[in-house]
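One structure is given here, and the rest of the page talks about it.
The values are calculated or read from the model by the stated rules, or taken from the named source; none is laboratory data. Since the structure is predicted, the reported quantities are computational estimates derived from the model, not experimental observations. Glycine also receives a Cβ, built like all others from the backbone with ideal geometry; neighbour counts cover every protein chain displayed. All accessible areas refer to the heavy atoms of the entire protein, side chains included, with ligands and DNA or RNA removed. Shrake-Rupley method; radii C 1.70, N 1.55, O 1.52, S 1.80 Å.
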Amino acid sequence: MSRKGKRRQRWIVLGVLICCALVLGTAILPMSVSAERVSDHYIRYGVSETAALNLVSAVLLDYRSFDTLGEATVIFAAVSAVSVLMSGGGLSRNRRTLSNLARCAVANIYPVLWLFPLYVILHGHLSPGGGFHGGVTMGVLLIMISVLYGTAFSLPKLSLTALSYTEYSSALAFILVGLAGVVHGSGFLSNIGAGFFKGSPGDLVSAGFLPLLNVIIGFKVAAGLVSIYYQLLRSGD
Amino acid sequence: MFNFAYFLLLVLLVSAAAAAVLVRGMITSVIVLSVFSVSLTLVFSFLQAVDVAMAEAVIGAGLLTAFFVTAISRARRKTK
């Protein structure tokens with residue numbers, strides 16, 4: 001058998017082994033009864049306990065808000081890794097813009113486009129969506145400006161330092177909101193138990209700290225994504 | 001009727017994924033990948049997972065396309 005064939009054979013064996021491991025792993029994985037009971041509890045008492053109509057965001061930001069803090073840290077780590085990798089060279093200020101037609105068309109609909117992320121973030125506890133979705137949309141809208149008008153236009157208005165400080169301060173704000181629960185005496189990141197305003201389900205200002213956390217996460221995600229984009233534009237080396 | 005439309009969507013999903021790999025040219029591949037994301041969004045909303053559908057639409061069709069196009073154009077500038 002040729003050398004190439006042997007190498008291919010080795011890859012095939014490796015692939016089959018990995019497939020077996022994955023199938024066996026999912027078969028062995030304990031699907032505990034308690035997990036089912038937990039989801040039952042969320043569906044049955046979620047609205048009455050958290051006053052959030054959107055159960056997904058009730059689970060993400062109230063019952064499992066500590067995991068969401070972990071996810072926010074993952075984005076923070078990604079931004080840090082990209083910054084370290086692309087640290088050489090200054091930010092390139094290109095003046096290349098898209099065509100006049102594209103610029104005029106987008107300039108007219110641009111303010112209206114901002115309504116979507118604002119709505120999604122502020123109604124995160126009432127309708128589908130939340131801080132993460134709205135934050136990514138805000139980030140895309142900010143990136144759109146620098147694609148349309150060139151970074152020479154957008155960088156002076158929205159510098160990398162401002163974005164970094166936005167991200168740090170919103171990460172700190174998330175933890176401070178969590179610490180309010182500790183000060184109150186009911187545990188880290190506890191919502192209604194920490195005395196946040198519960199309100200009645202369906203109101204814009206209700207569900208304790210969920211709207212607050214949505215706004216914080218939105219700012220954090222948007223700032224992180226736009227700074228990743230800026231880092232990708234560095235001249236490099 | 002529902003099942004037929006859902007089946008068509010799944011076929012579109014798989015063929016878009018295959019086309020993204022097989023198509024010639026990086027930019028074309030990225031555009032086909034955003035078609036894949038849009039059909040995945042439709043599948044998610046068929047399955048009544050609106051939250052996931054929204055995240056997929058925003059990230060897959062919006063953000064990833066912007067990042068990929070930037071990265072590809074930068075790599076091209078360097079090799080020239």
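Exactly one residue out of B:22, B:9, B:47 is farther than 24 Å from residue A:113 by Cα, within 14 Å of chain A (Cβ to nearest Cβ) and either surrounded by 15 or more Cβ atoms within 10 Å (Cβ to Cβ) or modelled with pLDDT of 85 or more (or both), and it is B:47. Residues in region A:187-199 that are in contact (Cβ under 8 Å) with a residue 60 or more places away in the chain and assigned to a loop (DSSP other than H, G, I, E, B): 5 in all.
Annotation note: of A:124, A:202, A:129, the sole residue that is in contact with a Gly (Cβ under 8 Å, 6 or more places away or on another chain) and either touching a residue at least 60 places away in the same chain (Cβ under 8 Å) or among the small types (Gly, Ala, Ser) (or both) is A:124. In region A:174-182, the condition of being at pLDDT below 90 and within 14 Å of chain B (Cβ to nearest Cβ) is met by no residue. Of the helices (runs of 4 or more DSSP H) lying entirely inside region A:121-186, not one carries at least 2 residues that are among the β-branched types (Val, Ile, Thr) and in contact with a Ser or Thr (Cβ under 8 Å, 6 or more places away or on another chain).
Applying the selection to region A:175-191, what residues are among the hydrophobic types (A, V, I, L, M, F, W, C) and open to solvent by 30 Å² or more (accessible area, probe 1.4 Å)? A:175, A:176, A:179, A:180, A:182, A:183, A:188, listed by residue number. The residues listed here are A:148, A:98; of these, the one that is open to solvent by 50 Å² or more (accessible area, probe 1.4 Å) and either out of contact with any Leu (no Cβ under 8 Å at 6 or more places or on another chain) or over 27 Å from residue A:171 (Cα atoms) (or both) is A:98.
Here residue A:85 meets the list (1) open to solvent by 40 Å² or more (accessible area, probe 1.4 Å); (2) modelled with pLDDT under 80; (3) within 14 Å of chain B (Cβ to nearest Cβ) almost entirely, failing just condition (2).
Restrict the check to region A:202-213 and report whether at least one residue is within 14 Å of another protein chain (Cβ to nearest Cβ), more than 24 Å from residue A:137 (Cα to Cα) and open to solvent by less than 50 Å² (accessible area, probe 1.4 Å). Checked against the condition, which is being within 14 Å of another protein chain (Cβ to nearest Cβ), more than 24 Å from residue A:137 (Cα to Cα) and open to solvent by less than 50 Å² (accessible area, probe 1.4 Å), region A:202-213 yields no hits at all.
The rows are residues; the columns are (1) more than 23 Å from residue A:62 (Cβ to Cβ); (2) out of contact with any Phe, Trp or Tyr (no Cβ under 9 Å at 6 or more places or on another chain); (3) polar (S, T, N, Q).
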position: A:135; (1), (2), (3): no, no, no
position: A:140; (1), (2), (3): yes, yes, no
position: A:161; (1), (2), (3): yes, yes, yes
position: A:196; (1), (2), (3): no, no, no
position: A:211; (1), (2), (3): no, yes, no
position: A:218; (1), (2), (3): no, no, no
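Against the test of being on the phi > 0 side of the Ramachandran plot and within 14 Å of another protein chain (Cβ to nearest Cβ), the options A:130, A:135 yield a single qualifying residue, A:130.
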